[in-house]
1. DSSP loop (so not H, G, I, E, B), at most 11 other Cβ within 10 Å: list which trypsin sites (Lys or Arg not before Pro) in region B:294-396 pass both filters.
2. Between B:THR45 and B:SER122, how high is the FRET efficiency from 1/(1 + (r/R0)^6) when r is the Cβ-Cβ distance and R₀ = 22 Å? Nearest 0.05.
3. Charges only on Cβ, +1 for Lys and Arg, -1 for Asp and Glu: so what's the dipole of region B:261-413 about the Cα centre, in debye to the nearest 20?
4. Once both axes come from the Cα atoms, what is the angle between helix A:393-413 and the longest principal axis of chain A, in degrees from 0 to 90, rounded to 10?
5. Hey, got the average number of other protein chain Cβ atoms within 10 angstrom for residues in A:192-199?
6. Would you work out which of B:GLN333, B:GLY250, B:VAL220 lies farthest towards the positive end of the dipole of region B:201-338? Charges go on Cβ: Lys and Arg +1, Asp and Glu -1.
7. Working out 0.36 nm times the residue gap between B:LYS239 and B:LEU214, then minus their Cα-Cα distance, what length gain in nm do you get to one decimal?
8. Hand me the GluC sites (Glu not before Pro) from region B:199-305 located in a DSSP loop with no more than 16 other Cβ atoms within 10 Å, in residue order please.
Protein chains: 2
Amino acid sequence: MNAKVISIGDELLIGQIVNSNASFIAEKLYSIGVQVQRIVTISDTEKALLDELKESSKKFDITVITGGLGPTHDDLTKPILLKYFKDKTVLNKKVLNKIKSLFKARNQVMPEVNVSQAMMPSKSEVIWNNNGTAPGIWIRKNKKIYIALPGVPYEMKPMITDFILPKLRNYSQKKGEYYLLSKTLLTTGISESDLFEKMGDINKIIGTHKLAFLPSSEIVRLRIDIKSKSKKDAISDYKKIEKRIKEKAGEYIFGKEDEKIEEVLGKELKKKNKTLSVAESCTGGLISAKIVDIPGSSDYYLGGVCSYSNDAKKKLLGVKNNSLKKFGAVSEQVAIEMAKGVREKFKSDFAISTTGIAGPTGGSKSKPVGLVYIGYSDKNKSYANKYFFGDTRMKVISRATITALNLLKKELENIK
Amino acid sequence: MNAKVISIGDELLIGQIVNSNASFIAEKLYSIGVQVQRIVTISDTEKALLDELKESSKKFDITVITGGLGPTHDDLTKPILLKYFKDKTVLNKKVLNKIKSLFKARNQVMPEVNVSQAMMPSKSEVIWNNNGTAPGIWIRKNKKIYIALPGVPYEMKPMITDFILPKLRNYSQKKGEYYLLSKTLLTTGISESDLFEKMGDINKIIGTHKLAFLPSSEIVRLRIDIKSKSKKDAISDYKKIEKRIKEKAGEYIFGKEDEKIEEVLGKELKKKNKTLSVAESCTGGLISAKIVDIPGSSDYYLGGVCSYSNDAKKKLLGVKNNSLKKFGAVSEQVAIEMAKGVREKFKSDFAISTTGIAGPTGGSKSKPVGLVYIGYSDKNKSYANKYFFGDTRMKVISRATITALNLLKKELENIK
């Protein structure tokens, strides 16, 4: 089954609000095998919505509309549905009682204007709203389903998950359609185009399924979309594809789905009962902030030093004056001394460090903007690697951060 | 002038990504008087995009397409534009050199597949992309404008603000329409509803113009939309409104437009030639990371310590064992000692500190999740304030961060 989502509201069209409703609905429908093929945002005018309903009746099995169900004059969704389906409203007493009880719970008397929300199209079913006064509307006509929901996210979301999904799943299974599965692998340390080249012949990897490359500033996500006859087939196909991708580019994969590298790393540290400290120069505290973002990080994270000045590098981390003079602050030697220094200071099992030139100024021919050394230290060894992370401050900082976390993760994997 | 935004990408249709690109574009176009009347999200298939282009040519002055401009097999935007406009590509050497230099800056050789990105439609103008390899495309036909941009936000956004807005403003002004001006004031430390009450009678402040309250987790933005006959009128009206708002809620305003508090603070420190250091516990490095985000921060930022463990608080910051025992790590006394300690360690003019309970665990009846002490220290005084920042880890960390930066900003304002 396919679907269209219609979002109504001027606040979306002037960019005041990001349309997270549509992605929520799309994700939930996709999870039960309903593919959203179109999302449209329109203003709350009669013509715009009527046009969309006409298109829906021709092309889409399911149409979900959000917004425009409030009690005021500018809420047009219900009147337009009535017009389009040549229907009238009838008072639904159960709905009216529900609305009254909501006001009572807030210790308020229901304003007269809200009675209009209990007037339901005669040919519709009610979608109960437990978190607000606007009930949803479910209309089935010529085997097409039309659903209207309020635009307020915390009202709309439970209506989707608790009422609409179970009901739609019934329809979808009766029609005996294919099983959809969407999985994501996360890579870092490689560009989209290099990754693409590494894959070789894409068809040999994915066959009739789909593979999408989704780059962001520091990672590239690989989304695999499987379309099979059954759940069993889908899982088996996915496993084969994952194996083939790992053969080609396994070293760049750090996680899957919405996982964050700091999360993967945290689990690993917890499991191995090890502790970590961090010394940051060019990343300025971002590595530390990411680690602390994860609940429970105090179990393995002891803390860090952001040594932005040379003085701090010497005093707080014990970097040698001689190393700073001879090699400069941005050097392999200083990165190593920072990692070692912070590990000794905090008495942690592992430490990572960064020193580099984030720009826009401070670069030179021999040490250009984007040059970063990432240091590593444990009780057996200390070293630093050299990287070039591009030309903008944001990119340098975020790539250095994720690369440092990934370097530590790879070291951890080798430790039993 | 009116506009349509077309977002391409299956990751949007399966709800994997929220369409923040479309709202960014809508907001920016609105700010120069171009009203987006339709936002559509479609899959990357030929038919879907061709249909949209047909509709655009009939109804919209401007069409902005994002996504599908990468170098891989599933990037279809350029081929479809060529087909629709019956055009061919020619190699643009300047673009090719730009792409090559991007790879060079990363110390990589350009993969052959990227040459395709320098092949531009012969009837198009290039929209330069300073942050990635996919140039944008600008096509003008029958007085309609068609713009194709990459879908990666940090590539797309500067292309809109630096290139497209100035160019479109020219067209819009030639058509002699009214002048729209949209300005934003940024507030922190006050809730949306309290701010609304402080304003009193909104009509007395804005007259026939518009004022929107836009809350996010740690700040509330006030957007003022002016619609006047001329630019001069618009600016004069705005100045009056800004003055009235500042009379009502000036103490909560920390900046305007897209300014960040760390940016405002950085300017102030630079101007006064003062230095800063930071001691963080519950904010885990986020204050430091925000400060370092600002180019040139090495002029005033000396560094920080993230003392996540008690041991680190004692050893690196000189917090007294007795204070930790008597008052606990999350206490006024420890916040003060952290701020003092880090200031002395780094020999900075100012220092701020945080210690609190970010959750989800670690809270108690007397010290619940959300409790945070923020410390301040300069050569004359040291103190700490107590706050409650809500119930989720993310909220506690981000509110504590912005409140600490704002506390320092207010102290700086009092120093001549």
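1. Values: sites: B:LYS313, B:LYS314, B:LYS315, B:LYS320, B:LYS325, B:LYS326, B:LYS340, B:ARG343, B:LYS345, B:LYS347, B:LYS365, B:LYS379, B:LYS381, B:LYS386, B:ARG393, B:LYS395; in loops: B:LYS320, B:LYS347, B:LYS365, B:LYS379, B:LYS381.
Hits after loop and neighbour filter: B:LYS365, B:LYS379, B:LYS381.
2. Values: r = 25 Å, r/R0 = 1.13.
Once the sixth-power term is evaluated, E becomes 0.35.
3. Working: 26 positive and 15 negative charges, 89 e Å.
Approximately 420 debye in magnitude.
4. 80
5. On the way: counts 9, 12, 5, 2, 8, 5, 1, 1.
Per residue, the average neighbour count from other chains is 5.
6. Ranked along the dipole, the leading option is B:GLY250.
7. Numbers: separation 25, 0.36 × 25 = 9.00 nm, distance 2.04 nm.
Extra length available between B:LYS239 and B:LEU214 comes to 7.0 nm.
8. Details: sites: B:GLU218, B:GLU242, B:GLU247, B:GLU251, B:GLU257, B:GLU259, B:GLU262, B:GLU263, B:GLU268, B:GLU280; in loops: B:GLU218, B:GLU257, B:GLU259.
When the GluC sites (Glu not before Pro) of region B:199-305 are filtered for loop state and at most 16 Cβ neighbours within 10 Å, B:GLU257, B:GLU259 remain.
The values are calculated or read from the model by the stated rules, or taken from the named source; none is laboratory data. Please read these numbers as outputs of a predicted model, since none were measured by experiment. Using ideal geometry, Cβ is built from the backbone for each residue, glycine included, and neighbour counts are taken over all protein chains shown. Keep in mind that these areas ignore ligands, DNA and RNA; they rest on the heavy atoms of the full protein, side chains included. Shrake-Rupley method; radii C 1.70, N 1.55, O 1.52, S 1.80 Å.
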